[in-house]
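Here the structure comes first, spelled out in structure tokens, and everything after it is commentary.
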């Protein structure tokens with residue numbers, strides 16, 4: 001039995017206190033930069049907390065679907081959970097962009113990564129409480145694997161916010177498509193890591209390799225962009 | 001055996017196509033290349049998921065259709081690519097394109113008699129959109145894009161033949177046409193990449 005609500009309260013409480021403490025920290029400052037930096041830090045903390053909350057809610061929704069569809073544990077992990085989690089992770093950012101209408105959409109979309117990190121943190125803690133913390137190598141690999149996988153999925157959706165937002169039909173179709181793509185990637189990861197031995201290790205390594213590839217591509221992209229800019 | 005060969009051939013071809021298009025999308029910084037990358041990427045991930053699920057569980061996924069979602073998404077990205085490319089030119093009304101939804105819808109109703117109403121409706125709608133854009137482009141699109149539109153139509157018809165054969169032939173023997181049509185789909189996707197590469201060769205960086 002995994003008491004996810006209890007774990008959530010225990011982990012979320014200090015973050016919530018930090019957010020409340022940060023609320024009035026820079027409001028009296030005359031320095032604009034300090035105020036902006038303060039609000040950015042606060043926003044990251046909020047999205048981190050939202051990510052953990054989304055993890056909790058996703059577990060409820062996945063369990064509900066698993067019961068309705070009469071799925072066993074493996075079917076739920078391989079088929080239901082990835083789609084539910086990826087859709088749920090997207091909602092806070094969509095809400096933020098539609099309701100608060102931030103000026104810099106691309107920068108705001110980066111917050112999806114904070115949601116992903118919060119999500120992965122609570123998920124990893126639940127894994128620790130259920131499976132113990134003896135094997136340091138396995139835990140390190142799993143920690144990086146799961147954490148990076150959620151970040152990679154978040155980055156996939158982020159691409160949609162940056163490149164496919166201009167026209168309504170492209171925005172709607174593109175972002176929903178990328179969420180589905182992220183869910184399939186997540187499902188493949190879940191299949192691989194639920195196996196034993198070599199296959200599981202491949203599963204843990206896949207997100208890390210993808211993240212490194214994305215980092216390389218992003219650097220290459222910015223290099224090309226700099227070259228194309230007129231001097 | 002033949003099923004595995006068919007699946008692995010498709011995975012290898014789609015993997016190559018995804019990597020090539022991704023490289024092009026990065027170096028050209030073009031949205032069109034990005035859409036075509038997502039088309040191949042989604043098709044590849046859907047097929048990979050299906051193959052892994054079957055390999056480790058011994059049955060096909062039946063609860064939430066993750067692979068199907070991925071394939072629908074790939075159709076959608078192909079449609080977005082064709083639509084974005086066709087929108088660059090003023091295209092006059094083309095009535096012949098309406099034959100496509102008639103064909104896809106008719107076959108969709110036939111597939112529904114074997115079950116799965118929602119997924120067949122989604123497939124029919126998305127495939128109709130792809131086919132209509134291809135016909136529209138073929139009718140009055142740019143010269144360089146014509147081979148892409150022809151290959152898209154071949155892909156459209158092969159997919160429908162594949163689904164029809166899966167309804168008629170259920171055995172896993174080497175004589176089942178399903179596997180050969182599936183391999184032809186893989187080849188058509190590779191050929192499509194070659195034509196896309198040629199058509200977008202002079203694509204201006206966005």
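The values are calculated or read from the model by the stated rules, or taken from the named source; none is laboratory data. Just so we're clear, the structure is a prediction, and the values are computed from it rather than from any experiment. Cβ atoms come from the backbone with ideal geometry, glycine included; neighbour counts cover every protein chain shown.
Things worth noting here:
- Only one of the listed residues (A:151, A:110, A:99, A:137) is at pLDDT 80 or above and surrounded by 14 or more Cβ atoms within 10 Å (Cβ to Cβ). That residue is A:151.
- Exclusive hit being over 18 Å from residue B:44 (Cα atoms) and surrounded by 13 or more Cβ atoms within 10 Å (Cβ to Cβ), set A:183, A:187, A:200: A:200
- Residue count, the range B:25-56 (criterion: at the interface with chain A (Cβ under 7 Å from one of its Cβ atoms), assigned to a helix (DSSP H, G or I) and either in contact (Cβ under 8 Å) with a residue 12 or more places away in the chain or surrounded by fewer than 23 Cβ atoms within 10 Å (Cβ to Cβ) (or both)): 13
- Filtered residue count, the range B:6-24, keeping only those that are farther than 22 Å from residue B:198 by Cα and either within 10 Å of chain A (Cβ to nearest Cβ) or buried (at least 18 other Cβ atoms within 10 Å of the Cβ) (or both): 3
- Some residue of the range B:147-162 being over 30 Å from residue B:115 (Cβ atoms) and surrounded by fewer than 18 Cβ atoms within 10 Å (Cβ to Cβ): yes
- Tallying residues that are free of Cβ contacts under 8 Å to residues at least 60 places away in the same chain and more than 14 Å from residue A:93 (Cβ to Cβ) within the range A:150-163 yields 1.
- Single condition residue A:170 does not satisfy, out of (1) more than 8 Å from chain B (Cβ to nearest Cβ); (2) out of contact with any helix residue (DSSP H, G or I) (no Cβ under 6 Å at 6 or more places or on another chain); (3) part of a helix (DSSP H, G or I): (1)
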